[in-house]
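Written out below as structure tokens is the structure these notes cover.
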Amino acid sequence: MALNIVQKIIKSHLVEGEMKPGEAVGIKIDQTLTQDATGTMAYLEFEAMNIPEIKTELSVSYVDHNTSQMGFENADDHKYLQTIAEKFGIRYSKAGNGICHQVHLERFGLPGKTLLGSDSHTPTGGGIGMMAIGSGGLDVACALVGLPFYITCPKVLKVDLSGKLNFWVTAKDVILYILELLSTKGNVGWVVEFGGDGVKTLSVPERATITNMGAELGVTTSIFPSDEITRSFLKAQDRESGWVELKADASAEYDRVINIDLGTLTPRFATPHSPGNVCLVKELAGTKVDQVCIGSCTNASYKDLKTVASMVKGKKLSAHVSLAVAPGSKQVFKMLADNGALLDLIDFGARIMESACGFCIGNGQAPCTDAISIRTNNRNFKGRSGTASANVYLASPETAAACAITGVITDPRDLGISPQIEIPDDFPIDDSMVFFKKNKDVKIYRGPNIGDPPQSEPLTKDLVGEVALKVEDKITTDHIMPAGIRLKYRSNIPKYSQFVFEPVDPTFPNRCLSNKEKANFIVAGLSYGQGSSREHAAICPAYLGVKAVIAKSIERIHWANLINFGIIPMMFVNENDYDKIEQSDELSMKEITKAVKYEETFIIKNIKKNYNFEVKLEFSKREREIILAGGVLNYISKPELKKGG
Ligand code: MIC
Ligand code: SF4
């Protein structure tokens with residue numbers, strides 16, 4: 001049977017289930033990555049599993065998110081991560097070495113392999129032909145001990161690329177166009193596979209920009225073929241031996257095909273406050289800009305930043321604009337320094353940041369009140385920049401630099417001839433900031449801010465309690481569990497739990513705690529849990545006694561995280577029931593354990609308003625068992641499952 005790329009990789013990694021769209025399948029994970037903001041909890045969970053060896057081919061622990069070190073907490077987490085990496089032979093990429101996805105693409109990713117990462121932008125690896133999937137930290141911990149990763153066998157959407165991008169039009173504009181077509185909701189259960197003649201016109205870092213921001217579609221992942229361009233990139237990184245060809249069979253079938261002629265695209269923006277609100281840059285031309293930030297795992301490759309440097313060379317930054325530039329990795333930083341591009345940026349007036357997530361996750365560079373901020377990141381959720389009233393526009397480095405030069409929104413095509421930057425034949429290789437040593441006897445360091453993963457109880461027979469919060473459509477994990485200045489509490493669940501839903505309703509945690517002897521429920525609209533993979537958006541609500549989320553729809557990673565921590569994700573059978581239910585209504589779920597075990601639907605009684613409504617309980621057998629056990633840690637500690645691959 002003719003197979004597409006996604007089917008080929010699933011087939012060669014299938015451990016459980018049947019390769020049919022919609023079926024639950026377990027796949028073998030070859031590589032894992034973690035970053036520090038999710039990694040500390042992931043390794044605490046891994047420790048709780050008590051397995052002596054890791055079972056993956058390669059695992060890397062990156063430090064890139066919490067690098068501001070305002071207080072001891074971040075540095076303590078780094079030390080914990082370094083010592084646990086040493087004990088188990090996990091590679092440890094130190095703070096300063098770069099953003100996990102950029103470094104993984106440069107130094108470790110391999111075509112045809114599976115990669116599971118505790119970060120939603122793990123699909124960046126799809127640019128090099130990996131099946132790279134984002135998940136909660138607990139799923140990565142399970143992969144480390146050799147357990148399969150479970151997904152719904154995806155439907156495959158082929159994006160058939162033809163033609164070639166015009167000058168000033170970039171990979172970012174391609175993914176913004178795809179977001180315009182598909183939006184950020186309704187794409188759960190799909191994988192995007194790129195193909196067509198246009199693929200060969202895109203370099204690996206450009207492909208990676210596209211797969212990186214594919215995360216905003218809500219798809220499981222996105223992937224490019226592995227071809228001669230991939231081979232040259234690996235060769236330039238001195239890793240050609242890891243290259244394999246990867247292409248779809250000639251008559252491979254897809255569940256849907258979209259055709260894009262690259263030559264027809266023009267520069268685009270995602271406007272506030274969603275990556276799915278897309279418009280043309282020229283529609284906003286002339287609007288005054290306060291801030292420009294160029295960096296992040298989406299757009300901080302060598303080509304991105306060298307292009308920006310060439311554009312600004314010999315010019316001066318507009319007086320009213322603040323410009324921050326963060327190279328994606330130490331390798332990129334070094335190349336810019338070696339060839340003088342860094343000096344061009346400094347002369348122009350750029351503020352040079354370290355190679356880390358920084359402003360992308362609200363760690364510094366919060367813009368002024370009501371600011372217009374042009375950024376090359378992938379997310380512009382309200383308040384994520386650190387300033388609730390700021391308006392963040394997402395764009396390509398070329399558009400961002402054009403705005404910095406003129407001080408107003410500018411279509412880069414108005415600037416004349418675009419610089420043509422080639423990908424080098426040899427990248428400078430220096431892995432000295434990746435610490436790799438195995439010492440079983442090393443003492444694992446635990447600072448005072450580092451707690452244990454929370455314990456949970458098996459699901460009780462009945463659940464009765466209150467709707468502690470009712471929220472609208474498109475609630476992101478940044479709404480549920482803010483990052484920015486709260487990030488340092490990622491290893492301290494009781495403390496971090498005080499900030500659950502802070503941007504939406506800061507009284508939520510106390511309300512839940514005062515009702516903790518009963519259950520707390522969250523009611524939500526469409527696409528609940530969009531955005532990041534942060535499992536804290538499930539762990540902390542679980543700590544506050546949340547037992548179920550009843551929503552119109554829930555995004556993939558968050559859905560899995562809820563189950564992993566024993567919260568039941570339920571979907572309304574009739575969406576009109578969302579309108580009837582109100583915050584503080586009392587709900588009764590009689591014999592919920594029986595329903596979770598056997599039923600596909602369940603009747604909930606609204607005690608306060610005296611009516612019944614129906615919800616879906618659509619789970620795989622394994623998911624049912626996890627919910628009944630109160631979460632994955634309880635589930636895998638069952639003697640019959642404690643096999644560790
Ligand atoms: C993000 O971009 O939102 C993050 C911060 O990288 C998250 C992970 C986290 O919250 O630590 C993600 O994308 O998964
Ligand atoms: Fe870091 Fe931003 Fe990328 Fe998340 S999206 S990994 S915060 S650079």
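The values are calculated or read from the model by the stated rules, or taken from the named source; none is laboratory data. The structure presented is a predicted model; accordingly, all values stated were derived computationally and were not measured. All Cβ positions, glycine included, derive from the backbone under ideal geometry; neighbour counts span all protein chains shown.
Looking at the stretch 448-478 only, could you name the residues that are surrounded by 16 or more Cβ atoms within 10 Å (Cβ to Cβ) and either within 16 Å of ligand 2 (Cβ to nearest atom) or within 25 Å of Gly96 (Cβ to Cβ) (or both)? Asn449, Ile450, Thr476, Thr477, Asp478 - these are the residues of the stretch 448-478 that are surrounded by 16 or more Cβ atoms within 10 Å (Cβ to Cβ) and either within 16 Å of ligand 2 (Cβ to nearest atom) or within 25 Å of Gly96 (Cβ to Cβ) (or both).
Have a look at Leu336, Leu323, Leu317 and point out the one that is assigned to a strand (DSSP E or B) and either modelled with pLDDT of 95 or more or not basic (Lys, Arg) (or both).
Values: Leu336 fails: assigned to a strand (DSSP E or B); Leu317 fails: assigned to a strand (DSSP E or B).
Exactly one residue qualifies, and that residue is Leu323.
Exactly one residue out of Thr40, Thr34, Thr67, Thr83 is of a type in the set (Ser, Thr, Tyr) and assigned to a loop (DSSP other than H, G, I, E, B), and it is Thr67.
Filtering the stretch 496-530 to residues that are in a helix (DSSP H, G or I) and in contact (Cβ under 8 Å) with a residue 12 or more places away in the chain leaves Tyr496, Ser497, Phe499, Phe508, Pro509, Arg511, Cys512, Leu513.
Would you confirm, using the coordinates I've provided, whether Ser135 is under 22 Å from Thr211 (Cα atoms), crowded, with 24+ Cβ neighbours inside 10 Å, more than 12 Å from ligand 2 (Cβ to nearest atom) and not β-branched (Val, Ile, Thr)?
On the way: under 22 Å from Thr211 (Cα atoms): yes; crowded, with 24+ Cβ neighbours inside 10 Å: yes; more than 12 Å from ligand 2 (Cβ to nearest atom): yes; not β-branched (Val, Ile, Thr): yes.
In short, yes.
For Ser296, the conditions (1) of a type outside the set (A, V, I, L, M, F, W, C); (2) under 27 Å from Lys155 (Cα atoms); (3) not in a helix (DSSP H, G or I) are fulfilled apart from (2). Taken over the stretch 567-592, the criterion of being in contact with a helix residue (DSSP H, G or I) (Cβ under 6 Å, 6 or more places away or on another chain) and outside any strand (DSSP E or B) is satisfied by Ile567 alone. Taken together, Gly125, Gly163, Gly117, Gly137 contain a single residue that is within 16 Å of ligand 1 (Cβ to nearest atom), at pLDDT 95 or above and over 30 Å from Lys334 (Cβ atoms), which is Gly137. Taken over the stretch 442-467, the residue count meeting the criterion of being more than 27 Å from the chain's Cα centre (by Cα) and either within 24 Å of Ser553 (Cα to Cα) or acidic (Asp, Glu) (or both) is 8. Mind listing whichever residues of the stretch 214-238 are outside any helix (DSSP H, G or I), in contact with an Asp or Glu (Cβ under 9 Å, 6 or more places away or on another chain) and within 28 Å of Asp431 (Cα to Cα)? Within the stretch 214-238, Ser222, Ile223, Phe224, Pro225, Ser226, Asp227, Gln237, Asp238 qualify. Can you work out which of the residues in the stretch 336-373 that are over 27 Å from Ala37 (Cβ atoms) and in contact (Cβ under 8 Å) with a residue 60 or more places away in the chain is nearest to ligand 2 (Cβ to nearest atom)? Out of the qualifying residues, it is Ile372.
Being among the charged types (D, E, K, R) and within 16 Å of ligand 1 (Cβ to nearest atom) is the filter here, so list the residues in the stretch 174-229 that pass it. I'd like the intermediate steps shown before the answer.
In the first step, residues of the stretch 174-229 are kept if they are among the charged types (D, E, K, R); the result is 180, 185, 193, 197, 200, 206-207, 216, 227-228.
Correct list: Glu216 only.
For the stretch 63-84, taking the residues that are farther than 15 Å from Leu487 by Cβ and of a type outside the set (D, E, K, R), the one that is nearest to ligand 1 (Cβ to nearest atom) is identified as Tyr80.
If you go through the stretch 47-62 one residue at a time, how many are assigned to a helix (DSSP H, G or I) and either among the aromatic types (Phe, Trp, Tyr) or within 18 Å of Ile29 (Cα to Cα) (or both)?
Kept after step one, since they are assigned to a helix (DSSP H, G or I), are these residues of the stretch 47-62: 47-49.
From what is left, the residues that are either among the aromatic types (Phe, Trp, Tyr) or within 18 Å of Ile29 (Cα to Cα) (or both) are 49.
Qualifying residue count for the region: 1.
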